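So the structure is just underneath, and the comments pick up after that.
The values are calculated or read from the model by the stated rules, or taken from the named source; none is laboratory data. The model shown is predicted, which means the values in this text are computed figures rather than measured ones. Positions of Cβ are generated from backbone atoms using ideal geometry, with glycine treated the same way; all protein chains shown enter the neighbour counts. Accessible surface is based on the protein model in full, side chains and every heavy atom, while ligands, DNA and RNA are left aside. Shrake-Rupley method; radii C 1.70, N 1.55, O 1.52, S 1.80 Å.
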Amino acid sequence: SSSGSKIMIQQAVGGEVAQESSLPLPVKEIPGSYGIPFLSSIRDRLDFYYFQGQDDFFKTRIEQYGSTVFRVNMSPGPFMARDPRVIAVLDAKSFDVLFDVSKVEKRDLLCGTYMPSTSLTGGYRVCAYLDPSEPTHAKIKQLLFTLLASRKSYVIPSFLSFYSSLFQTMESQLSASPGAKSDFNKLNDVTAFDFLGDAFFGVSPSSTNLGTNGPSKANKWLFFQLCPLMTLGLPKILEELFFHTFPLPPFLAKSDYNALYAYFNSTAAPVLDTAEKLGLSREEACHNLLFATVFNSYGGIKALFPGILKWLALAGPKLHSQLAKEIRSVVQAEGGKVTLAAIEKMELTKSVVYEALRMDPPVKFQYGMAKHDLVIESHDAAYKVSKGEMIFGYQPLATKDTRVFENGDEFIGDRFVGEQGKKLLKHVLWSNGHETESPTVENKQCAGKDFVVLVGRLLVVEFFLRYDTFTAEVGTLLLGAQVTVTSLTKAG
Ligand code: HEM
C-alpha cells in the first residue's frame, strides 16, 4: 500500500523503527503451524539444512504468510531437542523482544532448542546458559569484565604481534610457487587461539604443555556442541543420523577438554583468585574461563575474521585503497603507532567492521522463552504470545531489514560513516543487543563486545598497513565463510 511505502522511506532515512508505533497496530493471529508432531519437524529440518537452506527457509515463509512473525519448527528437532516449536521473529522491530530480559528467560538456550550435555563443561551450566535471574550469572560475568579490563593494555601489542606473523606466513605460502593459495581460516585458527591465550592470560597456549594441539582440540570440543546446527557437505543420511538426531557421546571429547582445562588451570591462577573473592569456586570459574575463551571468543573469531575478509575481498580495490589511505594517514599522525585513540579516528575502518557484523552476524540464532503472556510488534502488526512459548530470531534477516537499512542486502563499506550513519548503529545486533548499548551483569549482551569490535578493527588496520589490495576465493564453511587468499599486493 502507499502508506506502507511512505513509512518505509521515512524509516530507511531516519533509522527510527519505534516512531511508527504512534499508529495502533492491528492485532493478528500468529500465522504458520507446527504440522504433524515429529514428522513435520523432520521435514522442516531437511528444508532448513538441505532443500531450501537457511535464508530461503525463512524468506519463503515470510512470503507465504505475509508476515515476519510466524510459527515454525526449528532445527535440529527430534531427538536432539525436547520441543522444536518456536515463534520466529525476522524483522528489526520484533527481534528486540529477545533482548528484553524482563520479557524473555534466557536459561539453557544458548544453542536454541537443544542444550549440549554439561559433561562437556565440567558438569557446570556456564555463564552463557544462565538467566540473569540466577545469582551466579552476575558473578561470572563480573569476573569476565574484570579480566578484560585488567588486560586492556595488552590487547593491541599482542594482536599486532600474532597477526603480523600470520600475514608473514601467508606471504611465504603465496610466494612458494606460481598460483599458490593461502587458507586464511586455517592460519586464523592457529593464530586466534594463541593470541587469545596471550591477550587474556599472558601465556600463549602453544608455549605450554598443550603445544600446538590447542586449536584442533578446541575445534573438536566445539563440534561436539555445535554439530546439530551445521551441515558438513557429507551424505545427508550420515549427517542426519550422526550429527542432527542424537548428541555425540561427550566422553569422546573428554581428554581434549581436560588438556584445555589444564592450560587454564595453570595460567589463569590470578584470575581464579579474583573469582574466589567474588564468591565463585576456583573450579566453576575455571570451566567458565575455558568456555568464555574457547567457545565465546575463539569460536566467535573463527567466524568473524573470515567474515570480515570475505566482505573486503568482495568489495574490491577501490574500498581497499580508501581503507589503506585512512589507516596509514591516521597511524602516521599518531607517530607511527596503532593506539586506541588512533583507531577511534578511523571512521571508514570502523564502519566496514560494523557492516561485516551486520551482513554476517557470527552468531545467527537467538532464543528467548516468554516469561509471561506478552505482545510482539513487527512493523505491521501486533501478535500475542503465551507464557512459556519459545521465541526465535534469525539475526541476518533482522539486520538486513530494508525498513531500517536502505539496500539492506548489500555490503556498503561506509554505511555507518557520518551522523546519519551513526544513527543506524543501534540496529547492529551481533552482540545480542544494540550496538549503542553495553553488556551488564543484568543483561545477556556479549561480555566481550568492546574487545570483539576492537580486534575486528585491528585485523583491518594490520592488513592495510601491510597491503594495498588483495584477492581471495570466498566460499562457505560450517557456520561461516571460507576465505582462501590468492594474491597480496604489498604496501607501495
Ligand atoms: C554472549 C557473540 C566474543 C563472552 C554472546 C552472545 C553472542 C555473542 C551473540 C549472546 C548469546 C545468546 O545468549 O543468545 C560473540 C561473538 C564474538 C564473541 C560473535 C566474537 C567474534 C566474546 C568474547 C568474550 C565473550 C571475546 C570474552 C569474555 C561472552 C559471554 C556471553 C556472551 C560471557 C554470555 C553473556 C551473558 O550470559 O550475559 N556473545 N561473542 N564473547 N559472550 Fe560473546
Quiz item: With +1 on each Lys and Arg Cβ and -1 on each Asp and Glu Cβ, how big is the dipole of the range 2-490 about its Cα centre, in debye rounded to the nearest 20?
Solution: 360 debye
Quiz item: What does the convex hull of the Cα atoms come to per residue for the chain, in Å³?
Solution: 151 Å³
Exercise. Go through 295-306, 332-343 and give me the packing order, highest mean Cβ count within 10 Å leading.
Key: 295-306, 332-343
Quiz item: Counting only protein heavy atoms and using a 1.4 Å probe, what share of the accessible area of the range 2-490 belongs to carbon plus sulfur, as a whole percent?
Solution: 56 percent
Quiz item: Given just the C-alpha atoms of the range 141-239, how large is their convex hull per residue in cubic angstrom?
Solution: 146 Å³
Quiz prompt | Length gained when the stretch E347-S117 is fully extended (0.36 nm per residue, less Cα-Cα span) | solution = 78.5 nm
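When every alpha-carbon pair in the range 192-231 is counted, what percent end up more than 15 Å apart?
So the pairs more than 15 Å apart make up 47 percent of the total in the range 192-231.
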Quiz prompt | Distance violations [Cα-Cα > 22 Å] among K310/K490; K310/K426; K350/K400 | solution = K310/K426
Quiz item: Under a no-solvent Debye model with one identical scatterer per Cα of the range 122-178, what's log10 I(q)/I(0) at q = 0.14, 0.17, 0.21, 0.27 Å⁻¹?
Solution: -0.64, -0.72, -0.82, -1.00
Self-check item: Solvent exposure of the chain as accessible area per residue, Å², 1.4 Å probe
Solution: 42 Å²
Exercise. Report, ordered by chain and residue number, the aspartates and glutamates lying within cross-link reach of K103, taken as a straight Cα distance under 16 Å and ignoring same-chain residues fewer than 8 apart.
Key: D131, E134, D373, E377, E389, E442
Quiz item: Pairs K28/K387; K106/K371; K93/K444; K337/K449; K220/K302: which are spaced more than 21 Å apart, C-alpha to C-alpha?
Solution: K337/K449
Self-check item: Dimensionless Rg ratio for the range 223-363, taking C-alpha atoms and the 2.2 N^0.38 Å reference
Solution: 1.46
Exercise. Tally the DSSP beta bridges in the chain and give the antiparallel ones as a percent, rounded to 5.
Key: 85 percent
